[in-house]
Amino acid sequence: MTSVGVEIAKDFIDLASPMGQCRVKRTRAELTAAFSILPDDARLVMEATGRYHRLVAEVARRVGLSVRCVNPYVFSLYRRSVSPRAKNDRIDAQILQRFGEREWDRLPESETPNPQMQRLKDLMELRDTQVKL
């Protein structure tokens, strides 16, 4: 099994695997193209990042890849234990890949959210933000 670390940003993602690293735009077409060239046994490990990780997980599942989302707090503790001297998206993708190789069996399987429920949650978050403003 090949673990692939995925660091997600607003406009792009960084992928790290034993075969190398790359940066891909966070669009449905770009993600589909990138994920379709990964080995069939690839397993994606990513941090849960609010809403940005949802599209990545959805596209990966449609291509047939296994996906696990890591709790950001747990991952931050692991990152500190590895103690890299720098922190950037490329390094985080490498550390996520390493974390996935060692901890895959302990990570809970990511659920495929119900689209209607997810839309409702998004609308409730938007409402909360507007009320606070």
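Note on the range 88-104: residues that are in a helix (DSSP H, G or I) and either open to solvent by 70 Å² or more (accessible area, probe 1.4 Å) or of a type in the set (S, T, N, Q) (or both) amount to 6. Screening the candidates Arg85, Arg26 for the property of being open to solvent by 50 Å² or more (accessible area, probe 1.4 Å) and basic (Lys, Arg) yields one hit, Arg85. Count of the range 1-59 residues, restricted to those that are over 13 Å from the mean Cα position of the chain (by Cα) and among the hydrophobic types (A, V, I, L, M, F, W, C), is 9. Filtering the range 25-53 to residues that are without any contact (Cβ under 8 Å) to a residue 12 or more places away in the chain and either assigned to a helix (DSSP H, G or I) or among the acidic types (Asp, Glu) (or both) leaves Ala29, Glu30, Ala33. You will find that of Arg43, Arg90, Arg61, the residue that is among the basic types (Lys, Arg) and in contact with a Gly (Cβ under 9 Å, 6 or more places away or on another chain) is Arg43 and no other.
The residues of the range 55-82 that are basic (Lys, Arg) and open to solvent by 60 Å² or more (accessible area, probe 1.4 Å), listed by number, are Arg61, Arg62, Arg80. Filter the range 105-123 for residues that are open to solvent by less than 100 Å² (accessible area, probe 1.4 Å) and of a type in the set (S, T, N, Q); which is modelled with the highest pLDDT? Once the filter is applied, the top-ranked residue is Gln118.
Any residue at all in the range 69-84 that's basic (Lys, Arg) and at pLDDT below 85?
no
Cβ-Cβ distances below 6 Å connect the following pairs, each with a first residue in the range 1-21 that is on the phi < 0 side of the Ramachandran plot, a second residue that is open to solvent by 30 Å² or more (accessible area, probe 1.4 Å) and hydrophobic (A, V, I, L, M, F, W, C), and a separation of six or more residues or different chains: Leu15/Cys22.
The values are calculated or read from the model by the stated rules, or taken from the named source; none is laboratory data. All figures in this text were calculated on a predicted structure; none of them were measured in a lab. Here Cβ is always computed from backbone atoms with ideal geometry, including for glycine, and neighbour counts include all displayed protein chains. Protein only, heavy atoms only, side chains kept; ligands, DNA and RNA dropped before computing areas. Shrake-Rupley method; radii C 1.70, N 1.55, O 1.52, S 1.80 Å.
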